[in-house]
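Comments concern the structure below.
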Amino acid sequence: MQITWLGHASFRLELGEQVLLIDPWLIGNPSFPDERREEAIAGATAILLTHGHFDHAADIRDIAEQTNAPIYAMVELAGIFEDSGLAATGFNYGGTVAIGDVQVTMVKANHSSCYNLGSKYIYAGGPAGFMITHAGRTIYLSGDTDIMADMEWMGELHKPEIGILCAGGHFTMDMARAAYAAKKYFNFKTVIPCHYKTFPLLEQSADALKAGLPGVDVLTPDVMEILTL
């Protein structure tokens, strides 16, 4: 598999024949180099959206129209895009969708969610994370969240070996809290932090995450750097 950080909480996952864009916020993302947009979205086969906040969903319409990739999201949020004529599949906590030979299960996140539609914010269902499984390996994509007790059964049931964890603080758990959650509830081989460095009020370093997870391979790639795992 190949994992590419697109800055903030945005990722490109290449799993077999599938190219999944996760919360692809590119236009207006201070971390993302605008000149590499085409490269970032090339060949996309699906878009996974954890919730409706602007720093995750502001770019969705343009990317979906450009790539013809269907959107997968919480049912209420998917409905917003369906109403505007885009291909979208809504599902909910505990539901699993097949994207080719990739299985995506929606799990809870401890956060909030709304979508900016013109001059107003509208209800966008609950926030989510995803367990993404391909070829016998599972990635836990936390979405925006704090620590929650649900992580215990999520780790036991899904047994993810890779964790992509929000860890910037202020709006989500910070590096120390992410390390605590990873150590207490999961048995990750690899952890990749996100939702940090984008703005000054977020954490700028993953040092606390690394210090809290001895024996775990904590990777901090540059934006658009491809990790092969």
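The values are calculated or read from the model by the stated rules, or taken from the named source; none is laboratory data. Treat the numbers as computed from the prediction; the structure is a model and nothing was measured. FYI the Cβ positions are ideal-geometry reconstructions off the backbone, even for glycines, and counts take in every protein chain you see. The area values use the complete protein model at the heavy-atom level, side chains included, leaving out ligands, DNA and RNA. Shrake-Rupley method; radii C 1.70, N 1.55, O 1.52, S 1.80 Å.
In degrees from 0 to 90, rounded to the nearest 10, what is the angle of the helix 175-185 Cα long axis to the longest principal axis of the chain?
Roughly 80 degrees between the two axes.
Compute the Cα gyration tensor for the range 80-206, then decide on rounded, prolate or oblate, letting a ≥ b ≥ c be the square roots of its eigenvalues: rounded whenever a/c is under 1.5, prolate when a/b is larger than b/c in the other cases, and oblate in all that remain.
Oblate, because a/c is 1.5 or more while a/b does not exceed b/c.
Pop a pseudo-label 7 angstrom from the Cα along the beta-carbon direction at both Ala176 and Gln2 and give the gap in nm to one decimal.
About 3.9 nm, to one decimal.
In what sequence, highest mean first, do 208-220, 10-22 appear when ranked by Cβ atoms within 10 angstrom?
On the way: 208-220: 17.0, 10-22: 20.6.
The most tightly packed comes first, giving 10-22, 208-220.
Given H placed on each backbone N at 1.01 Å, which residues far from Ala46 in sequence or on other chains put an amide H within less than 5 Å of it?
When sequence neighbours closer than 5 places are left aside, the close amide H contacts are Val19, Leu21.
Distance from the Cα centre of the range 89-118 to that of the range 135-153, in angstrom?
Between the Cα centres of the range 89-118 and the range 135-153 lies a distance of 13 Å.
Count of lysine pairs in the chain with Cα atoms under 14 Å apart, counting only pairs 8 or more residues apart in sequence or on different chains? Spell out each step's value before the answer.
Details: Lys159/Lys183; Lys159/Lys184; Lys159/Lys189; Lys183/Lys210; Lys189/Lys210.
Going through the chain pair by pair, I get 5.
Taking only protein heavy atoms and a 1.4 Å probe, what accessible area per residue, in Å², does the range 31-120 have with all protein chains in place?
44
Starting from 0.36 nm per residue, how many nanometres of slack lie between Leu117 and Ala135 once their C-alpha separation is accounted for?
2.7 nm
Take every DSSP beta bridge with both residues inside the chain and express the antiparallel ones as a percent of the total, to the nearest 5.
Details: 31 of 50 bridges.
Roughly 60 percent of the DSSP beta bridges within the chain come out antiparallel.
Give the relative contact order (percent, whole number) for the range 1-116; include only Cα pairs under 8 Å separated by 6+ residues.
Contact order relative to length: 20 percent.
Report the gain in length on full extension from Thr89 to Arg36: 0.36 nm times residue separation, minus Cα-Cα distance, nm rounded to one decimal.
16.3 nm
Find how many whole Å separate the alpha carbon centroid of the range 1-62 from the alpha carbon centroid of the range 156-190.
21
When DSSP assigns beta bridges and you keep just the ones with both residues in the range 49-183, what percent turn out antiparallel, to the nearest 5?
75
Quick check: at a probe of 1.4 Å, how many percent of the accessible area of the chain sits on carbon and sulfur atoms?
Carbon plus sulfur share of accessible area: 50 percent.
Excluding ligands, DNA and RNA, what is the solvent-accessible area per residue of the range 144-229 at a probe of 1.4 Å, expressed in Å²?
47
Testing the spin-label approximation: label points 7 Å from Cα along Cα→Cβ at Phe199 and Ile27. State their distance in nm.
2.0
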